[in-house]
Amino acid sequence: MTILLLGCSAARLGYSNGEMISYWWLDSYVDFDSEQKPWVKNRIDQVFAWHRKTQLKEYVRLISRTQHRDLGTVTQADLMGDYNDAKTRVLMIADRAVPELADLALSLDAEQIANVEKKFSKSNDKFRKEYLSGDTESRQEFRYKKALKQAEYWFGNFSREQQAKIRIASDARPLNNDLLMIERVNRQQELVALLKKIQTEKPGREATITMLKKFVAATVDHFGNKQHQVFFDESTAATAGMVANIMHIATPAQKTHFVQALQDWISDFNRLSTKAAA
């Protein structure tokens with residue numbers, strides 16, 4: 001289900017060039033100095049090499065499972081299972097990257113942490129403009145259009161009747177963009193506070209790794225906020241229901257489009273994993 005929600009041609013291209021894009025993304029937050037640049041690039045390369053050698057074959061297996069399903073009978077529970085599998089894989093990436101991130105955190109100076117704060121503030125302004133403007137109806141419309149665009153990548157164009165059904169399923173999902181903003185800012189503030197603590201105390205690599213692992217675990221647990229946990233759990237389940245509905249209403253031509261789109265990802269992952277193993 002994660003691939004269904006996030007997948008697009010840009011994402012496929014992004015992963016193929018992941019090392020470069022990841023470096024640019026991190027640099028846009030930190031602004032690396034001349035000493036940091038070469039080893040940060042090298043560490044990113046190592047993480048991607050590990051991922052392509054050890055993880056992509058499993059991704060192919062998961063995608064192939066989706067590819068061979070009867071879309072007319074797929075259930076919300078099926079898709080929740082896919083989501084949980086994907087979530088496990090994402091946490092494996094985080095666990096592998098934590099030692100490299102610990103070295104990065106230990107190398108940051110006060111100015112670079114301030115750069116991170118500024119970048120967060122700028123990105124939050126964009127988030128507010130997109131997600132917190134307008135009334136409930138306009139927010140529902142914005143969310144629906146994003147979902148429709150993602151669905152069209154996988155299935156092709158939908159008829160007006162299909163679009164109306166997708167809109168109903170989209171609107172049935174819990175909507176609380178203000179809570180999304182609160183969660184977002186809280187996560188950012190916790191990270192900045194952690195980076196400042198590491199920069200001030202210089203706790204050492206192993207201690208820093210432990211601190212970062214605790215941060216990752218806390219983000220997954222929404223920092224112990226039960227209200228947030230309930231909302232995100234309900235939202236995930238409702239999104240799985242929406243995706244199942246889209247699969248159910250797909251025409252034979254749309255199902256063929258879907259199978260081919262998945263095959264494109266499988267082909268890319270097989271190519272990259274074979275290249276990494278060579």
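The values are calculated or read from the model by the stated rules, or taken from the named source; none is laboratory data. Keep in mind that this is a model prediction, so the values were computed, not measured. Positions of Cβ are generated from backbone atoms using ideal geometry, with glycine treated the same way; all protein chains shown enter the neighbour counts. All accessible areas refer to the heavy atoms of the entire protein, side chains included, with ligands and DNA or RNA removed. Shrake-Rupley method; radii C 1.70, N 1.55, O 1.52, S 1.80 Å.
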For Met20, net neighbour charge (Lys/Arg +1, Asp/Glu -1) across residues whose Cβ lies under 12 Å away: -2
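Quick one: with all protein chains in place, what share of the accessible area of the chain is carbon or sulfur, to the nearest percent (1.4 Å probe)?
Working: 8410 of 14950 Å².
Ligands and nucleic acids excluded, carbon and sulfur give 56 percent.
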Dipole of region 131-278, positive direction: furthest Cα of Gln189, His248, Phe155, with charges on the beta-carbon: Gln189
Three-way shape call for region 59-100 based on the alpha-carbon gyration tensor, with the a/c threshold at 1.5: oblate
Phi-based couplings in Hz for region 133-141 (Karplus 6.51, -1.76, 1.60; Gly and Pro marked x): 8, x, 8, 4, 4, 5, 5, 5, 4
Nearest-ten-degree value, helix 56-67 long axis tilted from longest Cα axis of the chain: 20 degrees
Hypothetical label at Glu111: residues of region 20-47 whose amide nitrogen lies under 13 Å (7 Å Cα-Cβ projection): 31-35
The chain: angle of helix 226-249 to the longest principal axis, Cα-based, in degrees nearest 10: 40 degrees
P(r) of the chain over all Cα-Cα pairs, binned every 10 Å from zero, in whole percent: 6, 23, 32, 27, 10, 2, 0
Helix axis angle, 252-277 relative to the chain longest principal axis, alpha carbon, degrees: 30 degrees
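Taking only protein heavy atoms into account and a 1.4 Å probe, give the accessible area per residue of region 119-278 in Å².
Details: 8810 Å² over 160 residues.
Heavy-atom accessible area per residue stands at 55 Å².
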Fraction in percent of alpha-carbon pairs per bin - 5 Å, region 108-250: 2, 8, 14, 15, 15, 14, 11, 9, 6, 4, 2, 1, 0
His257 accessible area, assembled protein chains, probe 1.4 Å, Å²: 80 Å²
Partner aspartates and glutamates for Lys214 [C-alpha distance under 13 Å; skip if fewer than 8 residues away on the same chain]: Asp95, Glu190, Glu206
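Label region 135-175 by shape, choosing from rounded, prolate and oblate, from the square roots a ≥ b ≥ c of the eigenvalues of the Cα gyration tensor; if a/c is under 1.5 it is rounded, and otherwise prolate applies when a/b is larger than b/c, oblate when it is not.
Numbers: a/c = 2.20, a/b = 1.74, b/c = 1.27.
Prolate shape, in that a/c is at least 1.5 and a/b is the bigger ratio.
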